[in-house]
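To start, the structure itself, in structure tokens.
The values are calculated or read from the model by the stated rules, or taken from the named source; none is laboratory data. Please read these numbers as outputs of a predicted model, since none were measured by experiment. Every residue, glycine among them, receives a Cβ derived from its backbone with ideal geometry; neighbour counts consider all protein chains shown. Accessible surface is based on the protein model in full, side chains and every heavy atom, while ligands, DNA and RNA are left aside. Shrake-Rupley method; radii C 1.70, N 1.55, O 1.52, S 1.80 Å.
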Amino acid sequence: MANQFQKFMKVLKAFDKQKVDYVLIGGVAVILYGGERLTRDVDIFVKMDAENIKKLKKALHSVFNDPSIDEITLDELHNYPVIRYGTPNGFYIDIVTRLGKAVSYEDLEYEIIDYQGVKIRIGTPETLYDLKRNTVRQRDKMDAIFLKELINQRKSDHSDEEKSIPEDKK
């Protein structure tokens, strides 16, 4: 699985290099926040504009020698809310543009983390929790529990930091 994760990281590094507007969601995001789970895909929300889809395809071409990448188009992404790209390396990249009428790229809050020198645009724990909390899959329910605990821990840590700041420095 560690080898698989390194393959995921190659993709995220290519997104960073090409400056793709995306937000990482799903299992890989949970893993990067410290959750223990397995996954066989990378889930990303992408900004829907022609220039960004061009950068996305350029990033994917830099990792995979696969002409089917050219089938990912703005028109296809308008027609289908999720396109699943099957990589030659045996894993999938789910390219998401919307979840029903409720969620699109513009609705997501994200932060940028640095993981082994790669800048990754990752949904905040709150965003990931909102996406997972009402799902039916057991692993998503477990992710939601982990994310809720992480959110609470961050709030507690932030509260502790404020308590330690002297009054004249606030």
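Within the range 110-162, being open to solvent by 80 Å² or more (accessible area, probe 1.4 Å), of a type in the set (Val, Ile, Thr) and assigned to a loop (DSSP other than H, G, I, E, B) holds for one residue alone: 136.
Can you find even one residue in the range 15-25 that is under 23 Å from residue 114 (Cβ atoms), acidic (Asp, Glu) and touching a Gly at 6+ places or on another chain (Cβ under 6 Å)? Checked the range 15-25: no residue is under 23 Å from residue 114 (Cβ atoms), acidic (Asp, Glu) and touching a Gly at 6+ places or on another chain (Cβ under 6 Å). Residue 36 meets all of the listed conditions (1) closer than 17 Å to residue 14 by Cβ; (2) more than 14 Å from the chain's Cα centre (by Cα); (3) open to solvent by 40 Å² or more (accessible area, probe 1.4 Å) but one, namely (1). For the range 80-97, the set of residues classified as buried (at least 18 other Cβ atoms within 10 Å of the Cβ) and either in contact with a Pro (Cβ under 6 Å, 6 or more places away or on another chain) or closer than 21 Å to residue 127 by Cβ (or both) consists of 93, 95, 96, 97, listed by residue number.
No other residue among 28, 11, 20 is of a type in the set (A, V, I, L, M, F, W, C), over 16 Å from residue 92 (Cα atoms), modelled with pLDDT of 95 or more and not in a strand (DSSP E or B) apart from 20. Residue count for the range 52-86 under the criterion of being within 17 Å of the chain's Cα centre (by Cα) and among the aromatic types (Phe, Trp, Tyr): the result is 1.
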